[in-house]
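Visitor: Here it is, the structure, as structure tokens.
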Amino acid sequence: MLGCFVGITLDGNKIILTAISVSAMLITLFLLKKFNLSTKVKISLIYAHLTALFFPFVLFTTNVACGTFCLACYSNILEMTAISLPTTLILATISGFLVIPTFYIVSSKKMEIKNREILKFVKHYSKKLQLKMPKIYAVNKAEPIAFSFRSFKSAIFISVGLLDILNKKEIEAIILHELAHIKIKSSALKLSTNILRLFSPLSVLARFSHDSTQEEELADRFAIKEQETSRYIKSAKRKIKEYRDV
Amino acid sequence: MVTINRIRLERKGLESLLGPLEAEILKILWTKKDARVREVYNILRQKRKVALTSVAVILDRLHEKKLVKREVESGKGGTHYIYSTRTSRGDFESSVIENTVNKLIDNFGNVAVNYFNERFAKKKGN
């Protein structure tokens, strides 16, 4: 009978693995907080932190499940890790790249822009930047906002209020700016940071900030280079500021 | 019913109920039935100096006050809001008067009722 409950017990192996997970969580947070790392490294560290966070839960859940159903439980560290780590990675990937972006796309009040000229424009520059063409959505909001994210599929969101106040060239400047953000994966870092804050209780111990000024400048520079003038990106930004100042 | 919480007695007409730009924009919408931000802006800028962004902000405020409604219109010209008024000018003014008189009666009871009776009697006498 003891074999049926072996998974439910708390043994030395599980304690060691949990301790390793907590240490990994703390180390990843320390690295995020202390060093000025590249976007790619930061995103990798965030997901490493989340994997370390989910790992003990997966470990205990699978152990309890196999113990409850009297199945052959894995008893040594290697077996536990071999089963729990891939499961954790799959869960982290699903939550990070599928569930949350899909939830965002489905929940926001938006409609896909199918204007031929805009689509042609986006297609041309996506090709130039070697990106999979993102979908363009109009968000039903009067506040002038634009943002993008890159996940399993990329998307650019522009509020109807922003489309109302910009002319064609200014809209193109905003699209170029957002395409550059997708290229440099700045939205992926923002999304990952939000997921980290949402799921990890330890993230409050080491709040790290991400200075987006450099990314904004890069995105602006791309729009200026492609339009061969800074006029449109500047006037689009001025209008957004004016709207907020009224 | 239109809810207006403040009447500026020193001003006349619609401007006693709304800001000057709000009143002007509402008048344009009553004339045009429906319009985009840019259309309202093009009419307004012939009369006064105004920024497109100010028109967009005021239209959003009127929408928040439930004085105008808006729908997203998507077509060849792009995606825009199309604004229109919720009520005719006559219905709007009647609604404001009804709301104001009801509030005066709620707050001052018989004093207000007696005053209105006297006032209407005088008006009939004239």
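No lab work stands behind these numbers, since they all come straight from the coordinates. Here the structure is a predicted model, which means the values were calculated and not measured. Because the Cβ atoms are built from the backbone with ideal geometry, glycine has one as well, and the counts that use them run over all protein chains shown.
Visitor: For segment B:48-126, what mean projected area does the convex hull of the alpha carbons give, in nm²?
Guide: 9.0
Visitor: In vacuum, with every alpha carbon of the protein assembly as shown counted as one equal point scatterer, what does the Debye formula give for log10 I(q)/I(0) at q = 0.08, 0.10, 0.11 Å⁻¹? Two decimals, please.
Guide: Cα-only, vacuum Debye calculation for the protein assembly as shown: -0.64, -0.82, -0.90.
Visitor: Provide the gained length on full extension for the span A:ILE145 to A:LEU10, in nm with one decimal, where the gain is 0.36 nm per separating residue minus the Cα-Cα distance.
Guide: 43.5 nm
Visitor: Name the long-range amide H neighbours of A:LYS110: under 5 Å, sequence gap of 5 or more, or other chain; modelled H, no Pro or chain starts.
Guide: A:ASN140
Visitor: Let me ask something additional. Quick check: Cα centre of segment A:112-181 to Cα centre of segment B:49-88, how many Å?
Guide: 22
Visitor: Can you pull the mean other chain C-beta count within 10 Å for peptide B:27-33?
Guide: Mean partner-chain Cβ count within 10 Å for B:27-33: 0.
Visitor: Under a point spin-label approximation (7 Å from Cα along Cα-to-Cβ), what is the A:ARG238-B:ASP34 distance to one decimal in nm?
Guide: 3.3
Visitor: Oh, and also: To the nearest whole number, what is the average tally of beta carbon atoms from other chains within 10 Å of the beta carbons of peptide B:77-84?
Guide: 5
Visitor: Could you name the aspartates and glutamates whose alpha carbon sits less than 14 Å from that of A:LYS14, not counting residues in the same chain fewer than 8 places away?
Guide: Partners found: A:GLU79.
Visitor: At q = 0.15, 0.28 Å⁻¹, what log₁₀ I(q)/I(0) does a Debye calculation on the Cα points of segment B:87-126 give, no solvent, two decimals?
Guide: The calculated log intensity ratios at q = 0.15, 0.28 Å⁻¹ are -0.46, -0.86.
Visitor: If I take every Cα pair under 8 Å that is 6 or more residues apart in chain B, average their sequence separation and divide by the length, what percent do I get for the relative contact order?
Guide: Result for chain B is 24 percent.
Visitor: Right, something else. Check A:ARG150: other-chain or 5+ apart residues with amide H under 5 Å from its amide H, H built from backbone geometry?
Guide: Residues meeting the criterion, in which the H sits 1.01 Å from N, are A:SER187, A:ALA188.
Visitor: For A:LYS169, go through the aspartates and glutamates and keep the ones whose alpha-carbon is under 15 Å away, minus same-chain ones fewer than eight residues off.
Guide: Within reach: A:GLU117, A:GLU178, A:ASP220, A:GLU226, A:GLU228.
Visitor: Hey, another quick one. Would you mind giving the mean number of other chain beta-carbons within 10 Å of the Cβ of each residue in A:111-118, as a whole number?
Guide: 3
Visitor: What shape does segment A:109-245 have by the C-alpha gyration tensor, where a ≥ b ≥ c are the square roots of the eigenvalues, rounded means a/c under 1.5, and otherwise prolate means a/b greater than b/c and oblate the rest?
Guide: Note, shape of segment A:109-245 comes out prolate.
Visitor: Another one. Considering only Cα-Cα distances, which of the following residue pairs are longer than 28 Å: A:LYS42/A:LYS241; B:LYS12/B:LYS32; A:LYS33/A:LYS183; B:LYS65/B:LYS103; B:LYS32/B:LYS66?
Guide: A:LYS42/A:LYS241, as the Cα separations exceed 28 Å there.
Visitor: Pop the C-beta distance of A:LEU89 and A:THR68 into the FRET formula with R0 = 25 Å and round what comes out to the nearest 0.05.
Guide: The value I calculate is 0.55.
Visitor: Tell me which residues come under 5 Å, amide H to amide H, from B:ASP34 once H is placed; ignore anything under 5 positions away on its chain.
Guide: Long-range HN contacts for B:ASP34: none found.
Visitor: What is the calculated FRET efficiency for A:LEU37 to B:LYS65, with r their C-beta to C-beta distance and R₀ = 35 Å, to the nearest 0.05?
Guide: Between A:LEU37 and B:LYS65 the formula returns 0.15.
Visitor: With labels modelled as points extended 7 Å from the Cα through the Cβ direction, what inter-label distance (nm, one decimal) is found for B:LYS12 paired with A:LEU129?
Guide: Roughly 5.6 nm, to one decimal.
Visitor: Quote the charge dipole size of segment B:8-86 about the Cα centre in Debye, to the nearest 20; the model charges only the Cβ of Lys and Arg (+1) and of Asp and Glu (-1).
Guide: Around 180 debye, computed over segment B:8-86.
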